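Report on the structure given below.
The values are calculated or read from the model by the stated rules, or taken from the named source; none is laboratory data. Everything numeric in this text was worked out from a predicted model, so none of it was measured. Positions of Cβ are backbone-derived with ideal geometry, glycine not excepted, and every protein chain shown enters the neighbour counts.
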Amino acid sequence: MAISRIRRKTPTKQRNANITESYNLWEIIKYNLTAQERLSFLEDYIQDPDLRLLIKGYDDFLVKNIEAIEKEMARRGLQGPDRHAVDAQSPINPQMLNDRQIACESLLLVQGNVDLLTRTLEPVSHDEQLRSILIEDVTQVMDYRDEIVKYLKMNGLLETPTLFPPVPTVNIKHRAGEKNSAGSPANAGLLQKLKQDTLAIGTLAGITGTVVMHGFSILWNYLGLTKVTTLQVSGAILVAQEQLNTPLGLIISIIVHLMVGSVGGVLLAYYIKYAGKDLYWLKGLALSGFMLLAGMGFIVHVMQIMPQMYKDALTVFFHIINYLIYGQVVAYTVTRYWELRRQS
């Protein structure tokens, strides 16, 4: 009797477990195929390079995950869904498809994958190999979900609009003695806008690079290696050479110097935004060459600014070094900003 009960009980338990595993694996791979095809379709309409990189990473993960699940199904003698039967490319108007819709839809796809994987973990508790694969998958999928949520929060895309228009506050006056501190909502909103604005970060990066470049320029001039500084060259664009050392001439030189440097920073910030931050030092080198040729090679030469500078090759050489330093500082500052912005 005991032997007969063991023989009847064991095959039933094993058969139920196999059915559950088969169903779960089939559902996972079917969902991954649908999500991967849908993301591949959406990638063609993404405008933001950060979002494109994020979705491309999750798309590559799905491709690897599909291959791993297919191997597990083949090891168990299971047949997966027909890839040609999966069609996620629904008709859509490309002009109405923006980055916000793509990011939100991607978040739903990732969250659906998390829910499916977490539901699948419990029935496969006895299969250590399959369980380890699913645990690794759900961990990586949750990481991608968190990255998409960060992207949406960073761009202010998770805020649900209210049903009623906001109350106008233009005519509301502050009470006497009330100060608007840095932690107030008004200043907090301004700081948030500055953090999200490419023009602002490009300007700040250009000013930072200009200050560092001017520091090295003063050092070369102090050591007797150059006859003029980059600040004097910038000021000579608008002020006569004999007026550069006056207080007003110095102020004009500083303004022009910072304005020219900020223009280069803005150009590089927009270029890195659309081209990506990979090999940022090479992009900084390209900015150095552009500013050097457009500034010293064209504007300064055409306007005959500082003619004595062209007679001293050593001065020109160290000015080239100054521009190389400027380009690298600007490129590093912009790239570091994008990394901090993504992590915040």
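When you look at V316, is it among the hydrophobic types (A, V, I, L, M, F, W, C), under 34 Å from the mean Cα position of the chain (by Cα) and surrounded by fewer than 20 Cβ atoms within 10 Å (Cβ to Cβ), yes or no? So V316 does not fit the description; no.
Mind listing whichever residues of the range 235-252 are among the hydroxyl-bearing types (S, T, Y) and modelled with pLDDT under 85? Even if it seems obvious, please write down each step before you answer.
Let us first name the residues in the range 235-252 that are among the hydroxyl-bearing types (S, T, Y), namely 246.
Answer for the range 235-252, where residues must be among the hydroxyl-bearing types (S, T, Y) and modelled with pLDDT under 85: there is none.
The single condition among (1) at pLDDT below 65; (2) surrounded by 13 or more Cβ atoms within 10 Å (Cβ to Cβ); (3) under 22 Å from D48 (Cα atoms) that D99 does not meet is (1).
Which one of V330, V300 is buried (at least 20 other Cβ atoms within 10 Å of the Cβ), within 20 Å of T229 (Cβ to Cβ) and modelled with pLDDT under 75? Full working, then the answer.
Details: V330 fails: modelled with pLDDT under 75.
One residue alone meets the criteria, V300.
What tally of residues in the range 217-256 results from selecting those that are without any contact (Cβ under 8 Å) to a residue 40 or more places away in the chain and in a helix (DSSP H, G or I)? Residues flagged as without any contact (Cβ under 8 Å) to a residue 40 or more places away in the chain and in a helix (DSSP H, G or I) within the range 217-256 amount to 19. The listed residues are L152, L109, and the only one of them that is closer than 30 Å to Q47 by Cα, modelled with pLDDT of 85 or more and part of a helix (DSSP H, G or I) turns out to be L109. Does K273 meet the test of being surrounded by fewer than 21 Cβ atoms within 10 Å (Cβ to Cβ) and in contact with a Ser or Thr (Cβ under 7 Å, 6 or more places away or on another chain)? The answer is yes for K273.
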